[in-house]
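Asks: A single structure is presented below for examination.
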Amino acid sequence: MRSCDVLIVGGGPAGSSAAWQLRRAGADVLLLDRERFPRLKLCAGWITPEVVRDLALDLDTYPHRLLTFPRLRVHLGKLHVPVPCVQHSIRRFEFDAWLLERAGVPVEQHNVRHITPDGDGFVIDEAYRCRWLIGAGGTRCPVYRTLFRELNPRADELQIVTLEHEIQYDWQDPDCHLWFFEQGLPGYSWYVPKERGWLNVGVGGIAERMKRGGHDIRHHWAHLATTLAGRLAPGAHYDPTGYSYYLRGNVEVVRRDHAFITGDAAGLATRDLGEGIGPAIRSGLRAAQAITEGKPYRLNDVTGMSVGSIARSMFDRAARAGVLAGRRQGTTERGTADGLRHRDQ
Ligand SMILES: Cc1cc2nc3c(=O)[nH]c(=O)nc-3n(C[C@H](O)[C@H](O)[C@H](O)COP(=O)(O)OP(=O)(O)OC[C@H]3O[C@@H](n4cnc5c(N)ncnc54)[C@H](O)[C@@H]3O)c2cc1C
């Protein structure tokens, strides 16, 4: 049986951030993920300045696609509002693998199924033993399922459903566009360009309200595709995939003795925009600090709303000036208008 002090289940942003923090503090860490990285993760890949700061990310030397937006273009019915601010996009396929490698901890490909409390630690699938356990396995995290679900049930009204596709596409408009409540959608749809000829488009809404209102997400997808075909992405072809996750509710219990849940496992995506990367990273860092520094594990500095972060970046004049001066705005390379799936890369 393999033994370690801290075992992390899941190598997404929550798990790799916890691993990075723990390794820097000298802890003996092992990370298990059922997938081999780089792996597909459905996500628009929009990240905030807080993410950049929490990860101490140097935008100039980050080796993969990273595009900085000097504004968001918000569409609300007939209203089209440019919101000046600084936000970024990455490709999760690249970003997650890079973060995990940077964490510098041993990673094994293993699908965690059984977690058994054992003395002051845990045994995982009769193959691993640890003293501390961090659940960072996303929506279907086995640590949540085994140790937290009964104490912390997820609320149906916070479940969101999405349809999304990331394609190689020679986009011309480098801004991020968001359409809110189009055709009664209880959510929004997006156009998120990535550096060097990639594009992510998608639709997301509250599952229960969609059901109650008789909405079919495929209908909203078709509407988005028609909107994009006009000006933003003529000639693009899509084959979208669905995924569901949970927005932030009253998360009561995120620690039980030596076990923690972080990121989507705890249901931490923001209530307004479903932003989950930042909360995953911050909660992963805080769980690691609880272990290495004996700090309480609290979520009070893990934001539940994205609007505050966007507002703060609106007033960061220096950052906006840097973007407008052309710092890492990215260029496009000619791509095909046909969708290429991540797994083909
Ligand atoms: C369509 C869509 C668009 C989104 N767009 C954005 C966006 O633009 N910006 C943003 O901030 N957020 C966005 N989100 C939310 C964001 O993707 C998640 O909140 C974020 O990925 C959560 O990170 P995590 O580390 O908690 O989980 P994940 O990134 O899901 O990572 C969990 C990891 O655990 C592994 N795992 C799962 N089960 C097991 C198991 N049994 N054993 C071992 N390993 C396991 C998985 O393989 C995975 O690698 C979007 C979500 C969707 C669905």
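The values are calculated or read from the model by the stated rules, or taken from the named source; none is laboratory data. These numbers were taken from a predicted model, which means no experiment stands behind them. Here the Cβ is made from the backbone with ideal geometry for all residues, glycine too, and neighbour counts use every protein chain on show. We work out accessible area using only protein heavy atoms, side chains counted, and drop any ligands, DNA or RNA first. Shrake-Rupley method; radii C 1.70, N 1.55, O 1.52, S 1.80 Å.
Asks: Applying the selection to region 148-157, what residues are open to solvent by 20 Å² or more (accessible area, probe 1.4 Å) and in contact (Cβ under 8 Å) with a residue 40 or more places away in the chain?
Replies: Listed by number, the residues that qualify are Leu151, Arg154, Ala155, Asp156, Glu157.
Asks: Identify, please: which residue in region 252-265 is within 13 Å of the ligand (Cβ to nearest atom) and open to solvent by 10 Å² or more (accessible area, probe 1.4 Å) and is, among those, nearest to the chain's Cα centre (by Cα)?
Replies: The residue in question is Asp264.
Asks: Picking from Asp96, Asp33, which residue would you name as being touching a His at 6+ places or on another chain (Cβ under 8 Å), touching a residue at least 24 places away in the same chain (Cβ under 8 Å), within 10 Å of the ligand (Cβ to nearest atom) and within 30 Å of Ala259 (Cβ to Cβ)?
Replies: Only one candidate qualifies: Asp33.
Yes/no per residue for (1) crowded, with 16+ Cβ neighbours inside 10 Å; (2) over 17 Å from the mean Cα position of the chain (by Cα); (3) modelled with pLDDT of 95 or more; (4) not polar (S, T, N, Q):
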{"site": "Asp60", "(1), (2), (3), (4)": "no, yes, no, yes"}
{"site": "His64", "(1), (2), (3), (4)": "no, no, yes, yes"}
{"site": "Arg73", "(1), (2), (3), (4)": "yes, yes, yes, yes"}
{"site": "Phe95", "(1), (2), (3), (4)": "yes, no, yes, yes"}
{"site": "Leu100", "(1), (2), (3), (4)": "yes, no, yes, yes"}
{"site": "His110", "(1), (2), (3), (4)": "yes, yes, yes, yes"}
{"site": "Asp125", "(1), (2), (3), (4)": "no, yes, yes, yes"}
{"site": "Ile134", "(1), (2), (3), (4)": "yes, yes, yes, yes"}
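Asks: Select from region 41-69 the residues that are free of Cβ contacts under 8 Å to residues at least 60 places away in the same chain and of a type in the set (Val, Ile, Thr) and write down the one among them that is nearest to the ligand (Cβ to nearest atom).
Replies: Val52
Asks: Now, a different point. Just checking, how many residues over region 76-132 are within 24 Å of Arg145 (Cβ to Cβ) and either in a loop (DSSP other than H, G, I, E, B) or among the acidic types (Asp, Glu) (or both)?
Replies: 14
Asks: Okay, next question. Taking Gly274 as meeting all but one of (1) within 9 Å of the ligand (Cβ to nearest atom); (2) assigned to a strand (DSSP E or B), write down the number of the exception.
Replies: (2)
Asks: Shifting gears a bit: Looking at (1) near the ligand (Cβ under 10 Å from one of its atoms); (2) open to solvent by 20 Å² or more (accessible area, probe 1.4 Å); (3) on the phi < 0 side of the Ramachandran plot, can you tell me which one Glu164 breaks?
Replies: Checking Glu164 against (1) near the ligand (Cβ under 10 Å from one of its atoms); (2) open to solvent by 20 Å² or more (accessible area, probe 1.4 Å); (3) on the phi < 0 side of the Ramachandran plot, the one that fails is (2).
Asks: Being in a loop (DSSP other than H, G, I, E, B) and under 22 Å from the mean Cα position of the chain (by Cα) is the filter here; which residues of region 282-303 pass it?
Replies: Tyr297, Arg298, Leu299, Asn300, Asp301, Val302, Thr303
Asks: Taking the condition of being touching a helix residue (DSSP H, G or I) at 6+ places or on another chain (Cβ under 9 Å) and either open to solvent by 50 Å² or more (accessible area, probe 1.4 Å) or assigned to a helix (DSSP H, G or I) (or both), how many residues in region 214-234 meet it?
Replies: 9
Asks: Among (1) touching an Asp or Glu at 6+ places or on another chain (Cβ under 6 Å); (2) open to solvent by 20 Å² or more (accessible area, probe 1.4 Å); (3) of a type outside the set (S, T, N, Q); (4) more than 30 Å from Gly121 (Cβ to Cβ), there is one condition Trp190 misses while meeting the rest; what is its number?
Replies: The one condition Trp190 does not meet is (1).
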